[in-house]
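> Dumping the structure here so I can ask a few things about it.
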Amino acid sequence: MNTALWAVLPYLALTTFAGGLVWRYRYDKLGWTARSSQLHERRLLGLGSPLFHGGILLTALGHATGLLIPAGVTRALGMSDGVYKAMAVGVGGLAGLMTLAGLAILVFRRLTVRAVLRASLASDLVMYVLLGSTILIGLAITLSGNGHDYRASVAPWFRSVFAFQPAVDAIAKAPWAFQLHALIAWTLIAAWPFTRLVHAFSLPLGYLARPYIVYRSREASRGQALD
Amino acid sequence: MRVLAQMAMVMNLDKCIGCHTCSVTCKQAWTNRGGVEYAWFNNVETRPGQGYPRTYEDQDRWRGGWTLTRRGRLKLRSGSRLRKLATLFFNPHLPALSDYYEPWTYDYQNLITAPAGDDLPTAKPTAPITWSANWDDSLAGGPELAQHDPILKAMSERIRLEFEQAFMFYLPRICEHCLNPSCVASCPSGAIYKRTEDGIVLVDSDTCRSWRSCVTGCPYKKVFLNHQTGKAEKCTFCFPRIELGMPTVCAQTCVGRLRYIGVVLYDPDRVLEAASVRDEHSLIDAQKQVLLDPHDPSVIEAALRSGIPQDWVVAAQRSPVYSLIFDYQLALPLHPEYRTLPMVWYIPPLSPVVDAVRDTGFDGEDAANLFAAVEALRIPIGYLASLFTAGDPAPVREVLRRLVAMRAFMRDINLGRDPDESIPASVGMTGSQMYDMYRLLAIAKAEDRYVIPHAHREDAGAPNDGCSVPTPVSLPFPKVRQS
Ligand code: HEM
Ligand code: SF4
Ligand code: SF4
């Protein structure tokens, strides 16, 4: 059971994620979009979307730090565990609250504004359920002040997954809330390529460097992708 | 010198009867699909009026096009590149659907299912109808509507009061396929591009990511977001037809036969400089200087060296668009002050002047009356200038004088009198030039109104099926819901 959850499922999710992204990019470029609904409603979106995106991008950064950088490294850099923890809860909590508030506004908007609801796809529903539950549990863990040191359980296991030697025992001893958060997150990752979340991989940073006016010749413009 | 070719259009506004045939045939061809019900790649607006989407010309509000920084550098009015990235999550300057209008349909079912009775059954609209793309059609500024016309607002208070002497004309609009397109510059993903062969500005749906920056970027509001697919869509200048030498749908179906299509040659390396000219009144001349004289041997040589095919150079020499801009000096660009160097040009209408003369009890056909009116009438001319010359009345007056002269000159001919050479001479033309101008404006056949060389495929490498639209791939999932 533990093996299935912590050593097999991550690879299933990652394979679906990678394979799904490649498949979608090759065969459904027309669907690869943020699918803006601002035309239908702007007031709530103007509140919710920047809040949510700001929060989620901060959260992503926090996860990268917490999961990928071993505790040894921050200690070696002279940051005591107490300081780290205070930062993680402070910044993480703030980011989480922003994300949650933003998400709440976005979901409320999606359900109550008729035009937005009618423009929703089944994949939007799946996305919001997975995204919402992951965020809720994650934020609850952070704010509950739970004393568990995830950098000794979840994080080593997470890194071990990418070393292809999953440390099942490490995660197995983490509290159930951490485990549930991780499980739903893997499901979200598996579903990612099939939702509008693909737009997160299209952050157009190339815009900062390219000339303003884009010229293309007629033949070269057939089915060419830039980002 | 690098040379590129550009497909361009001229519309002769005096001949537009506001029938909307162009809009409807365009819609049938391009926007009769889900998600773009509200989009009119071609629309016809009554001026004075708010336009479509309403008040789109108010760039303080909608932030379209370019402006100059204090140091004279060209920048997007909607902000720097960083600012555009920072506002990806929410675009503060995007028109809402209600600024275009909420599309509606009718309950046609009722026509066949209504029980028999004395009254004819009706097809009721399915939603309340409160606004549309041409809500103020032919109202010419009934006071409640016209007061929101950004052009009128910008004119002085006094002029607005005198505005009781109403005038009206129609303004058909499509995408301008600009030489300096701010839609292209606004797209962070680089999904909108200008074709090097013919200058047509197109959206690559495969790389559009729904950032909707282009909608704000275009000052003419001629990029539309498909709210089902989330992708931008815009006027294509009917490129599949153009490539085969056929005119656009709007031009071909135009009842007034007022549209001209032709090739102009331009130097892409002069575009930035022309768009950055400080004095707004000099923008038209700067824009004209970007266009090259296709009869000039050095231009011909440079064009051929730049890979422009021989028959395209010939087409540029025969171009009615070039004639109307340069030989006859009649065509003016729409809102040059947006600095996008638009490539759909307009011959401003004389009809507001004629109407004003007639309404005051004088002979609206008499040349002396009309000449005097062109000099004296401040309102219609000021209004036309705000549309076509960044507010400078002089070029508008010059065009209108030529149109008056042509009327007077042709009147003599039609009445069997001797043509009076002093009339064309008074606007710097000869009688035969004026007669040619009259032919092009009044009775030109399709082959003279549309001089469209075929696209060249022999150098394309890949076999071509005669259709440039890529074959769509259909997939079971994920699918956009069609309603
Ligand atoms: C990487 C940078 C990102 C950019 C530039 C971006 C941009 C956008 C844009 C333009 C929209 C459409 C808003 C509209 O309706 O007009 C959107 C929607 C959305 N984005 Fe992002 N996004 C990014 C990353 C992410 C990430 C990492 C997530 C989640 C993990 C996310 C989740 C969402 C969701 C859930 C919506 C739908 C909001 C709605 O209900 O309409 N985005 N995003
Ligand atoms: S008029 Fe056309 S080419 Fe010019 S900025 Fe607008 S959409 Fe782009
Ligand atoms: S079809 Fe021609 S005459 Fe009719 S509205 Fe369009 S441009 Fe004007």
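> Within the stretch B:217-240, does at least one residue satisfy the condition of being closer than 30 Å to B:Ala356 by Cα and either under 17 Å from the mean Cα position of the chain (by Cα) or within 16 Å of ligand 1 (Cβ to nearest atom) (or both)?
Yes: one or more hits.
> For the stretch B:178-224, how many residues are within 7 Å of another protein chain (Cβ to nearest Cβ), without any contact (Cβ under 8 Å) to a residue 60 or more places away in the chain and not in a strand (DSSP E or B)?
Residues in the stretch B:178-224 being within 7 Å of another protein chain (Cβ to nearest Cβ), without any contact (Cβ under 8 Å) to a residue 60 or more places away in the chain and not in a strand (DSSP E or B): 10 in total.
> Inside the stretch B:272-285, can you point out the residues that are under 19 Å from the mean Cα position of the chain (by Cα) and open to solvent by 10 Å² or more (accessible area, probe 1.4 Å)?
Those that are under 19 Å from the mean Cα position of the chain (by Cα) and open to solvent by 10 Å² or more (accessible area, probe 1.4 Å): B:Ile284, B:Asp285.
> Identify, from the list A:Thr112, A:Thr99, the residue that is at pLDDT 95 or above and open to solvent by less than 70 Å² (accessible area, probe 1.4 Å).
Going through A:Thr112, A:Thr99 in turn, just one is at pLDDT 95 or above and open to solvent by less than 70 Å² (accessible area, probe 1.4 Å): A:Thr99.
> So which of B:Thr31, B:Thr46, B:Thr55 is more than 16 Å from ligand 3 (Cβ to nearest atom) and of a type in the set (S, T, N, Q)?
Numbers: B:Thr31 fails: more than 16 Å from ligand 3 (Cβ to nearest atom); B:Thr46 fails: more than 16 Å from ligand 3 (Cβ to nearest atom).
Just one listed residue meets the conditions, B:Thr55.
> Only residues that are among the hydrophobic types (A, V, I, L, M, F, W, C) and either surrounded by fewer than 14 Cβ atoms within 10 Å (Cβ to Cβ) or without any contact (Cβ under 8 Å) to a residue 12 or more places away in the chain (or both): list them for the stretch A:191-210, please.
Selection gives A:Ala200, A:Phe201, A:Leu203, A:Leu205, A:Leu208, A:Ala209.
> Additional query: Of everything in the stretch A:11-25 that's among the aliphatic types (A, V, I, L, M) and touching a helix residue (DSSP H, G or I) at 6+ places or on another chain (Cβ under 6 Å), which residue is surrounded by the most Cβ atoms within 10 Å (Cβ to Cβ)?
So the residue we want is A:Ala13.
Here is a yes/no grid of residues against (1) touching a Ser or Thr at 6+ places or on another chain (Cβ under 9 Å); (2) closer than 25 Å to B:Phe388 by Cα; (3) open to solvent by 40 Å² or more (accessible area, probe 1.4 Å):
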position: B:Thr46; (1), (2), (3): yes, yes, no
position: B:Thr67; (1), (2), (3): no, yes, no
position: B:Leu74; (1), (2), (3): yes, yes, no
position: B:Ser80; (1), (2), (3): no, no, yes
position: B:Arg83; (1), (2), (3): no, no, yes
position: B:Leu88; (1), (2), (3): yes, no, no
position: B:Pro92; (1), (2), (3): yes, no, yes
position: B:Ala96; (1), (2), (3): no, no, no
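> Provide a single number: the residues in the stretch B:1-25 that are assigned to a loop (DSSP other than H, G, I, E, B) and either acidic (Asp, Glu) or within 11 Å of ligand 3 (Cβ to nearest atom) (or both).
Looking only at that region, the number is 5.
> Filter the stretch B:286-306 down to the residues that are assigned to a loop (DSSP other than H, G, I, E, B), without any contact (Cβ under 8 Å) to a residue 40 or more places away in the chain and not charged (D, E, K, R), then identify the one that is most open to solvent (accessible area, probe 1.4 Å).
Among those that are assigned to a loop (DSSP other than H, G, I, E, B), without any contact (Cβ under 8 Å) to a residue 40 or more places away in the chain and not charged (D, E, K, R), it is B:His295.
> Which condition from (1) touching a residue at least 24 places away in the same chain (Cβ under 8 Å); (2) open to solvent by 60 Å² or more (accessible area, probe 1.4 Å); (3) over 20 Å from the mean Cα position of the chain (by Cα) is the one that A:Ala152 breaks?
That leaves (2) as the condition not met.
> Looking at (1) of a type in the set (S, T, N, Q); (2) within 16 Å of ligand 1 (Cβ to nearest atom); (3) away from chain A (no Cβ under 13 Å), which is the one condition that is false for B:Ser78?
So the condition that B:Ser78 fails would be (3).
> Do you know which residues across the stretch A:26-68 are open to solvent by 60 Å² or more (accessible area, probe 1.4 Å), within 21 Å of the chain's Cα centre (by Cα), facing chain B (nearest Cβ under 10 Å) and free of Cβ contacts under 8 Å to residues at least 24 places away in the same chain?
A:Leu57
> Also, quick follow-up: Would you pick out the residues in the stretch B:234-264 that are away from ligand 3 (no atom under 16 Å from the Cβ) and either touching a Lys or Arg at 6+ places or on another chain (Cβ under 9 Å) or open to solvent by less than 10 Å² (accessible area, probe 1.4 Å) (or both)?
Here is the first cut: in the stretch B:234-264, the residues away from ligand 3 (no atom under 16 Å from the Cβ) are B:234, B:236, B:239-246, B:262-264.
Within the stretch B:234-264, B:Lys234, B:Phe239, B:Ile242, B:Glu243, B:Gly262, B:Val263, B:Val264 meet the criteria.
> Take A:Ala88 and decide whether it is more than 15 Å from the chain's Cα centre (by Cα) and either of a type in the set (Phe, Trp, Tyr) or at pLDDT below 95 (or both). Lay out the reasoning, then the answer.
Numbers: more than 15 Å from the chain's Cα centre (by Cα): yes; either of a type in the set (Phe, Trp, Tyr) or at pLDDT below 95 (or both): yes.
For A:Ala88, the condition - more than 15 Å from the chain's Cα centre (by Cα) and either of a type in the set (Phe, Trp, Tyr) or at pLDDT below 95 (or both) - is met.
Conditions tested, residue by residue: (1) under 22 Å from B:Lys153 (Cα atoms); (2) crowded, with 19+ Cβ neighbours inside 10 Å; (3) touching a residue at least 12 places away in the same chain (Cβ under 8 Å); (4) basic (Lys, Arg).
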{"residue": "B:Phe362", "(1), (2), (3), (4)": "no, no, no, no"}
{"residue": "B:Arg378", "(1), (2), (3), (4)": "yes, no, yes, yes"}
{"residue": "B:Leu387", "(1), (2), (3), (4)": "yes, yes, yes, no"}
{"residue": "B:Ala394", "(1), (2), (3), (4)": "yes, no, no, no"}
{"residue": "B:Val404", "(1), (2), (3), (4)": "no, yes, yes, no"}
{"residue": "B:Phe409", "(1), (2), (3), (4)": "no, yes, yes, no"}
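> Does the stretch B:119-133 contain at least one residue that is modelled with pLDDT of 90 or more and within 16 Å of ligand 3 (Cβ to nearest atom)?
Yes, that holds for at least one residue.
> Can you tell me which of (1) facing another protein chain (nearest Cβ under 9 Å); (2) among the hydrophobic types (A, V, I, L, M, F, W, C); (3) in contact (Cβ under 8 Å) with a residue 60 or more places away in the chain is the one A:Trp186 doesn't meet?
The one condition A:Trp186 does not meet is (1).
> Same structure again: Criterion first (within 16 Å of ligand 1 (Cβ to nearest atom), more than 10 Å from chain B (Cβ to nearest Cβ), out of contact with any Asp or Glu (no Cβ under 8 Å at 6 or more places or on another chain) and among the aliphatic types (A, V, I, L, M)) does A:Ala104 satisfy it?
yes
Every residue, every condition in (1) more than 23 Å from B:Arg411 (Cα to Cα); (2) aliphatic (A, V, I, L, M), yes or no:
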position: B:Val313; (1), (2): yes, yes
position: B:Phe326; (1), (2): yes, no
position: B:Ala331; (1), (2): no, yes
position: B:Met343; (1), (2): yes, yes
position: B:Leu350; (1), (2): no, yes
position: B:Leu370; (1), (2): no, yes
position: B:Arg378; (1), (2): yes, no
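> If only one of B:Ala251, B:Ala232 is more than 19 Å from B:Pro53 (Cα to Cα), in the same structural domain as B:Trp66 (by TED's automatic domain parsing) and at pLDDT 95 or above, which one is it?
Details: B:Ala232 fails: more than 19 Å from B:Pro53 (Cα to Cα).
The unique qualifying residue is B:Ala251.
> Among A:Gly92, A:Gly54, A:Gly72, A:Gly19, which is the only one that is more than 30 Å from B:Val36 (Cα to Cα), within 11 Å of ligand 1 (Cβ to nearest atom) and part of a helix (DSSP H, G or I)? Give the steps one after another, and end with the answer.
Values: A:Gly92 fails: within 11 Å of ligand 1 (Cβ to nearest atom); A:Gly72 fails: within 11 Å of ligand 1 (Cβ to nearest atom); A:Gly19 fails: within 11 Å of ligand 1 (Cβ to nearest atom).
Answer to the check: A:Gly54.
> For the stretch A:110-130, check the following and say yes or no: at least one residue is assigned to a helix (DSSP H, G or I), hydrophobic (A, V, I, L, M, F, W, C), over 25 Å from A:Gly31 (Cβ atoms) and within 11 Å of ligand 1 (Cβ to nearest atom). Before you say what the answer is, go through the steps one by one.
Looking only at the stretch A:110-130, we keep the residues that are assigned to a helix (DSSP H, G or I), and these are A:110-112, A:114-118, A:122-130.
Now drop any that are not hydrophobic (A, V, I, L, M, F, W, C), which leaves A:111, A:115-117, A:122, A:125-127, A:129-130.
Filter once more, keeping what is over 25 Å from A:Gly31 (Cβ atoms): none.
No - not one qualifying residue is present in the stretch A:110-130.
> Got a sec? Which of A:Ala191, A:Ala174 is in a loop (DSSP other than H, G, I, E, B) and either away from ligand 1 (no atom under 16 Å from the Cβ) or within 14 Å of chain B (Cβ to nearest Cβ) (or both)?
Unique residue meeting the criteria: A:Ala174.
> If you don't mind, there's one more thing I want to ask. I'm told B:Cys175 meets every condition in (1) within 16 Å of ligand 3 (Cβ to nearest atom); (2) more than 30 Å from B:Val255 (Cβ to Cβ) except one. Can you identify the failing condition by its number?
(2)
The values are calculated or read from the model by the stated rules, or taken from the named source; none is laboratory data. Not measured: the values here are computed from a predicted model. Here Cβ is always computed from backbone atoms with ideal geometry, including for glycine, and neighbour counts include all displayed protein chains. All accessible areas refer to the heavy atoms of the entire protein, side chains included, with ligands and DNA or RNA removed. Shrake-Rupley method; radii C 1.70, N 1.55, O 1.52, S 1.80 Å.
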